[in-house]
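For reference, the structure discussed in these notes is given below.
What follows draws every value from the coordinates through simple rules; no lab data is involved. It should be emphasised that the depicted structure is a prediction, and the values quoted were computed from it without experimental measurement. In this analysis, Cβ positions are derived from the backbone assuming ideal geometry, glycine residues included, and neighbour counts consider all displayed protein chains.
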Amino acid sequence: MRILGALFVSILAPAASAQTQATPTALAIDEARLAAAMQAADFAGTLLIAKGDRIVFERAYGTVEPGGTAPHRLGRIWRWASVSKQITATLAMQEAAAGRLDLDQPITRYLPRSKAPHADILTSRMLMQHVSGLRSTDDGPLGTDGWNPFYSAPLGSLETGVPWCEGPTGKPDSPPPAAFRYGDCDFILMGAVLEAITGKTYAQLIRERIAKPLGLRSVGVFPTRKTTVPGFESGKPESRAFHLENFGPAGALYGTTHDLFAFDRALMTGKLIPSALRAQMWDGQPRYGYTALGQWSYDAAIKGCEGAGLHLVERRGHIGGVSLRNIILPEHDMVVIMTWNRGGAEEGFGEVWQQAGLAHDVLAATLCKAS
């Protein structure tokens, strides 16, 4: 499977909460330092930096195709990949706020016919923390270009979606909460819970709860006739062995970076869910590698900010040759969104908590005075 999600979670705990005493300097973007970081990474995509309601820096870099001449441009539609999980979690918290969803009740309360292992004790919270013990597409079988047929099977068949996710894991049976294991089935089943509670499809919920109230004209759920930024791997067009719509509530959203920023701001300012439930959604759990609900929430130090640390709410997405980072800095009232359409971008983004990689260097150029 080619979804890397957030691979750092299993090793984040030793370093995540070390520095929280000081704060970086006021926002003053070092554009020369930023340009050097982009050039060093051979970055091909877009960068958006916002403070409060205002976008303070936005730029496109490189060409759409490796070795091509058509440049990346602002305003294009990107697949949001697993950033979709962050938005699905927000829908779940809306239902919790309305009293229609209890995060700690078994999902059989909402899906009485669920065939998922241990459905009678499996909860929505466990799903959104990836401790459900559900089967994983990483376990195979692997098909064309290393993709599990789950991602190419027709929607509605037994080989994909909820029917596949509720099947046997092929591993020793253990009741949830199981060990943390990142996977799409958790949020595909979470989407089924939301559909059962509301009587609406996932696409309807996105349209009525997110896109329409926030005026997000580009946002939707695959499949679509809209043109989205293509991905490339090893200098060639990405594999066609997957259908983006098969990712469902785990990864099938798309939109512009402006609309993603608008979502972030609505989340940060309480327009989507009450602050108490947002705090619960952003409560990173050390025992699960600082996994919160549908995102990661942790403290990290930034190189070059003397003694400084900051808190990040991070959601990353990666499918095929397209990757992105959606980073919220609540204490600084900031958002950083990066999109990249090359295979290997996940490694290039690096890990902020390790003080290495492009994501860290962008934050350093944004928040820290040059030494």
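Which residues in the stretch 168-200 place their backbone N less than 20 Å from a point set 7 Å from the Cα of D120 along the Cα-to-Cβ direction?
Hits in the stretch 168-200 for D120 at 20 Å: 168-169, 173-178.
Quick check on packing: order 75-85, 172-182, 358-368, 130-140 by the mean number of other C-beta atoms within 10 Å, highest mean leading.
Put in order of decreasing packing, that is 75-85, 358-368, 130-140, 172-182.
In whole Hz, what ³J(HN,Hα) sequence does the stretch 351-356 give by Karplus (6.51, -1.76, 1.60; θ = phi - 60°), x for Gly and Pro?
Values, residue by residue: 10, 4, 5, 8, 6, 8 Hz.
Explain nothing, just the number: dipole magnitude of the stretch 269-366 about its Cα centre with +1 on each Lys and Arg Cβ and -1 on each Asp and Glu Cβ, in debye rounded to the nearest 20.
Roughly 320 debye for the stretch 269-366.
Let me know the charge dipole size of the chain about its Cα centre in debye, to the nearest 20, where only the beta-carbon of Lys, Arg (+1) and Asp, Glu (-1) is charged.
Roughly 860 debye, rounded to the nearest 20.
Using only Cα atoms, tell me the angle between helix 358-367 and the longest principal axis of the chain; keep it within 0 to 90° and round to the nearest 10.
Approximately 50 degrees, to the nearest 10.
Return the FRET efficiency for the residue pair A36, K236: r is the Cβ-Cβ distance, R0 is 25 Å, and the value is rounded to the nearest 0.05.
0.30
Taking the mean number of other Cβ atoms within 10 Å as a proxy for protection, how do you rank 252-260, 95-103, 331-339 from highest to lowest? Before the final figure, lay out the partial values.
On the way: 252-260: 25.0, 95-103: 15.3, 331-339: 21.2.
Result, highest mean first: 252-260, 331-339, 95-103.
Quick one: if the Förster radius is 22 Å, what FRET efficiency do L74 and D145 give, using the C-beta to C-beta distance and rounding to 0.05?
Working: r = 31 Å, r/R0 = 1.40.
Taking R0 as 22 Å, the efficiency between L74 and D145 is 0.10.
Dipole magnitude of the stretch 112-201 about its Cα centre, charges +1 at Lys/Arg Cβ and -1 at Asp/Glu Cβ only, in debye to the nearest 20?
260
Helix 83-97: angle to the longest alpha-carbon principal axis of the chain, degrees 0 to 90, nearest 10?
60
Antiparallel versus total DSSP beta bridges in the chain: what percent is that, nearest 5?
95
Classify the stretch 262-326 from the C-alpha gyration tensor, please: rounded if a/c falls under 1.5, else prolate or oblate depending on whether a/b exceeds b/c. Walk me through the numbers on the way to the answer.
Details: a/c = 1.44, a/b = 1.13, b/c = 1.28.
Here the stretch 262-326 falls in the rounded category.
Using helices alone, what [θ] at 222 nm do you get for the chain, with -39,500 (n - 2.57) per DSSP H run of 4 or more residues, divided over all residues and rounded to the nearest 500?
One gets -6500 deg cm²/dmol as the mean residue ellipticity at 222 nm.
Can you tell which of L127, W353, A179 lies farthest toward the positive end of the dipole of the stretch 7-367, using +1 and -1 charges on the Cβ of basic and acidic side chains (Lys, Arg; Asp, Glu)?
Selected residue: L127.
Give me the net charge for the shell around E166: Cβ to Cβ below 9 angstrom, other residues only, Lys and Arg +1, Asp and Glu -1.
+2
Count the net charge of all other residues whose Cβ sits under 14 Å from the Cβ of L358, scoring Lys and Arg as +1 and Asp and Glu as -1. Write out the running numbers ahead of the final one.
Working: positive: R33, R59, K303, R316, R325, R342; negative: D42, E314, E346, E347, E351, D361.
Net charge around L358: 0.
Which whole-Hz ³J(HN,Hα) couplings does the stretch 231-248 yield from phi under the Karplus relation 6.51 cos²θ - 1.76 cosθ + 1.60, θ = phi - 60°, glycine and proline marked x?
x, 9, 10, 6, x, 10, x, 4, 4, 9, 7, 9, 10, 4, 5, 5, 6, x
Quick check on packing: order 31-39, 236-244 by the mean number of other C-beta atoms within 10 Å, highest mean leading.
Ranked by mean Cβ neighbours within 10 Å, highest first: 236-244, 31-39.
Round to the nearest 10 and give me the degree value, 0 to 90, for the angle of helix 185-198's Cα axis relative to the longest principal axis of the chain.
Relative to the chain, helix 185-198 is tipped by roughly 70 degrees.
Could you give the semi-axes, largest first, of the ellipsoid that matches the chain, computed as the square roots of 5 times the alpha carbon gyration tensor eigenvalues and rounded to whole Å?
31, 24, 20
Taking the Cβ of each residue in I188, I197 as the centre, tally the other Cβ atoms inside 10 Å and list the residues starting with the fewest.
With the fewest neighbours first, I188, I197 line up as I197, I188.
Tell me, what ³J(HN,Hα) does each residue in the stretch 205-221 have, in order and in whole Hz, if you take phi through Karplus 6.51 cos²θ - 1.76 cosθ + 1.60 with θ = phi - 60° and put x for Gly and Pro?
Working through the residues one at a time gives 5, 4, 5, 7, 9, 10, 5, 5, x, 9, x, 8, 6, 8, 7, x, 10 Hz.
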